[in-house]
Protein chains: 2
Amino acid sequence: MACRCDLLIHSATQLVTCASPGGPKRGPAMREVGVTENGALAIADGLIVAVGASDDVRAAFDAPRQINAGGKVVCPGFVDPHTHLVYAGDRAGEWEMKLRGTPYLDILAAGGGILSTMRATRQATLDWLVEQARERLEVMFRNGVTTCEIKTGYGLSVEAELKMLQAIERLACTHPCAVTTTLLAAHAVPPEFESDPDGYVDLVVEEIIPQAATWFAHDARAARVAPMACDVFCEANAFTVEQSRRVLMAGRRHGLAPKIHADQFSSLGGVAMALELGAISCDHLDVTTAEDRARLAQSSAIATVLPAVNFHLGSTQFADARALIDAGCALALSTDHNPGSAPCFSLMLVMGLACRYQKLTPAEALNACTINAAHALGVGDVLGSLEAGKQADVLVVDVPDYRHLAYQFGVNPVARVIKHGVEYAYR
Amino acid sequence: MACRCDLLIHSATQLVTCASPGGPKRGPAMREVGVTENGALAIADGLIVAVGASDDVRAAFDAPRQINAGGKVVCPGFVDPHTHLVYAGDRAGEWEMKLRGTPYLDILAAGGGILSTMRATRQATLDWLVEQARERLEVMFRNGVTTCEIKTGYGLSVEAELKMLQAIERLACTHPCAVTTTLLAAHAVPPEFESDPDGYVDLVVEEIIPQAATWFAHDARAARVAPMACDVFCEANAFTVEQSRRVLMAGRRHGLAPKIHADQFSSLGGVAMALELGAISCDHLDVTTAEDRARLAQSSAIATVLPAVNFHLGSTQFADARALIDAGCALALSTDHNPGSAPCFSLMLVMGLACRYQKLTPAEALNACTINAAHALGVGDVLGSLEAGKQADVLVVDVPDYRHLAYQFGVNPVARVIKHGVEYAYR
């Protein structure tokens, strides 16, 4: 006699689990995604209750709603662990100037750069920020992202950073995509502190972090899969290693998990510092040394690389993701969606970039966008793979083989998104 | 008193015409796309009857169906002038092997390469070929392609090339996208002629071309915007310049317009030969010399580059499209959709590649995917731009600025496709 469940997905040409019960995937395990041909999945109360061969799952479970995934791939919902999805303003014109070789100072003089996004974001109403970001989140969701990290970092003042937190909160409350929040008050030095960057770090440490943490603990209402994280941009024109350490330690005192933007342009030592503080992820890693790769491999932190940034800027240089994996790091991929360096909405295109320009296999790329990305947000035990007991975050994708997620490019083959057991159909 | 029309699109944040009444765009004209802010377009009987400022067009025309394009860009439907959309088989596994560095001979030994697609295509039924290709054409159409060239070239026998022509014909009859047909019987030397390539050229010249031309003239039923073209792959491991000349001349004798795959890997002289024969386009041009760029600039042929191929193979080398434009060539872009070297469905991503890796401006890229691509198919007087009298092939795109077509990437912002005056909504 079959058990009753809510939703049964069966007959998948490939059911791909990305299962990794012991933590994130590393080394040779990254090459395995766990493929069951003619696979099935049973869902009850928003959770996965069974995964396996269609015959077995259908013998054990019955459901009022069934999806025949014949000819299609069923895989975990994607997790995007690094985005700047909330912002105002438009930087397409600046991008055109950059591609034409306009010097950076001229772009700044024309009102471009990160501070142009800061100005537009400070001026924007909360409603406008939410409305714009919701459209972007909806595009991400349709393209398979069922859990998305969103950072602050275009406010750069107490008031404007809290406004960004509220915008992220509203998205988390009103969109089916799970949203995790990262405070990135130390994204850039705002113009008010141009001649006193340490003064801005004081503000971040003494006011923004405490107020943000208090707000998150007491006023945030969205159902959360993860606590708030604290991030910092450790780079030559942003924050030094010592300033970054102050920021992350202040975050830690308030219960915020450390993350870091490190080694995008210069290797300052941010990775080692962040690992000392127990960072859950180190992101960018374009110029990371072999020594720091070894440190990352020995840590529990996820190494997150962001090839859409290099692509957007027309670069032929990409982070050495192959070396990170070969060193034993647990690698994740992300869009880094932002208006300046990566207006990218598709983790499938990011997988395609990683396979083509970073020497990943399609399996490694898929693990990097699911289970490992979930661990980069501290939610790898709850979601990110198709395993009994986890959140039912599932994609039905109109491709015959999981390798097509990276192989075909430029369009969206996702036919159905199932988030926490609820089904959204797009094709 | 306003005239009655069928459909009025108004209030477009940008209406972009790509108008070029005197033929394809060249040189500085390629940098202009013709932007009207708050623009409108009136359509009657499938044709454009007016283009201009919203106030003017709305004062002159009324329509039972109106589209408010506020916040959006209205532009010509894209034209994809070089695709191999009809095929059977799957080469994602071969792609993975290639990226892992597997030698080409090992891939062939494992059953890969173009001949694997030939084998699968020969074995496939006509119905299966049509069914598979229709799904691909539908994806292209949703992503804005309203006119698409499709080549034969995976049959490589009289019977199988005619089967491919019939498949293309069925697509042309049953899908709203306009389809133009190109006979590419000389795509590769089939195994039966491995030791006698000239014997295969004889077959192409004496049997395949005449039979195909007769079939097209007498049995093809689809409404056509263009006559059939004849293409050849002039390359070291395919056909020599002299063999290619024989093929194109035979095509010409049967009324087929010459096109050529030239200079993808080696510059053999195919461009000069094809231009002598009045080619309407020369395609690939990865290693074209300055001398041949000058020849192209002085001809009426369109120079079509295909950066998705370089991207798919993980290359950092791309055709020097900037030099082609600067030399005075009329440049077009295409996906080159095919399973071996470009499983790409999105001309917007191709525009993005051209801006990032070939130094085009977003305006040049858009002209290359509309008016100039239409001229590459010989239909530039009928469609490819928003001008009164042309076919009403129009996109309403959910972006605030035409530069976003190339700027944001990986997803599809097309909200509505209007083909020959008929509206298809996707968002």
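Using a cutoff of 8 angstrom between alpha carbon atoms and counting only pairs six or more residues apart, the relative contact order for chain A works out to 21 percent.
Peptide packing: for B:25-32, A:113-120, A:79-86, A:333-340, the average count of neighbouring Cβ atoms within 10 Å per residue gives the ranking A:79-86, A:333-340, A:113-120, B:25-32, highest mean first.
When the convex hull of its Cα atoms is viewed from all sides, the stretch A:139-297 shows a mean projected area of 9.5 nm². The 3J(HN,Hα) values that the Karplus relation (6.51, -1.76, 1.60; θ = phi - 60°) gives for the stretch A:297-312 are, in residue order, 5, 7, 9, 8, 6, 8, 8, 9, 10, 9, x, 5, 5, 4, 4, 4 Hz. Gly and Pro appear as x. Counting Cβ atoms of other protein chains within 10 Å of each residue's Cβ and taking the mean over peptide A:94-101 gives 4. What's the whole-number percent of alpha carbon pairs in the protein assembly as shown lying beyond 38 angstrom? The answer is 43 percent, as a whole percent. Shape analysis of the stretch B:1-55 yields a ratio of the Cα radius of gyration to the Kirkwood radius, Rg/Rh, of 1.05.
For the stretch A:226-277, the fraction of C-alpha pairs farther apart than 12 angstrom is 55 percent. Taking the inverse of the mean 1/r over every pair of distinct Cα atoms in the stretch B:307-357 gives a Kirkwood hydrodynamic radius of 11.3 Å.
Treating the stretch A:351-427 as a set of equal point scatterers at the Cα positions, no solvent, please give the Debye-formula log₁₀ I(q)/I(0) at q = 0.14, 0.27 Å⁻¹. With no solvent term, the Cα-only Debye profile gives -0.51, -1.25. Restricting the GluC sites (Glu not before Pro) of the stretch B:181-218 to loop positions (DSSP other than H, G, I, E, B) with no more than 14 neighbouring Cβ atoms within 10 Å leaves B:E194. Between the residues A:L306, B:A212, B:C230, the greatest Cα displacement towards the positive end of the dipole of the protein assembly as shown, with unit charges on the Cβ of Lys, Arg, Asp and Glu, is found for B:A212.
Shielding of peptide A:399-407 by partners, expressed as the average count of other chain Cβ atoms within 10 Å per residue Cβ, is 4.
In the assembly of identical copies, B:E135 has its label point, taken 7 Å from Cα in the direction of the beta carbon, separated from the corresponding points by 3.2 nm (ascending, one decimal).
The charge dipole of the protein assembly as shown, taken about the Cα centre with unit charges on the Cβ atoms of Lys, Arg (+1) and Asp, Glu (-1), comes to about 800 debye, rounded to the nearest 20. Each copy carries a label point for A:A236 at 7 Å from Cα toward Cβ; from one copy, the others' points are 4.0 nm away, ordered from shortest. Placing a label point 7 Å from the Cα of A:C173 along the Cα-to-Cβ direction, the distances to the matching points in the other copies come to 5.8 nm, shortest first. Averaged over residues, the count of other Cβ atoms within 10 Å places the peptides A:291-298, B:344-351 in the sequence B:344-351, A:291-298, highest first.
Take each residue in A:334-347, count the other chain C-beta atoms within 10 Å of its C-beta, and the mean is 2. Say the cut-off is 18 Å between C-alpha atoms; which of A:K359/B:K98; A:K72/A:K390; A:K359/B:K359 go over it? With Cα atoms farther than 18 Å apart: A:K72/A:K390; A:K359/B:K359. Cβ-Cβ distance of B:Q123 and B:A53, R₀ of 60 Å, FRET efficiency by 1/(1 + (r/R0)^6): the value works out to about 0.60. Using C-alpha pairs below 8 Å separated by at least 6 residues, the relative contact order for the stretch A:168-234 is 55 percent. As a ratio to 2.2 N^0.38 Å, the alpha-carbon radius of gyration for the stretch A:77-143 is 1.31. Can you work out the base-10 log of I(q)/I(0) for the stretch B:78-376 at q = 0.13 1/Å, using the Debye formula on its C-alpha atoms alone? Values returned for q = 0.13 Å⁻¹ are -0.86. In chain B, the beta carbon lying closest to the axis that superposes B onto A belongs to the residue given here with its whole-angstrom distance, B:T316, 2.
Taken together, the values in this text are just the output of simple stated rules run on the coordinates, not laboratory data. Small disclaimer: the values here were computed from a predicted structure and weren't measured. Because the Cβ atoms are built from the backbone with ideal geometry, glycine has one as well, and the counts that use them run over all protein chains shown.
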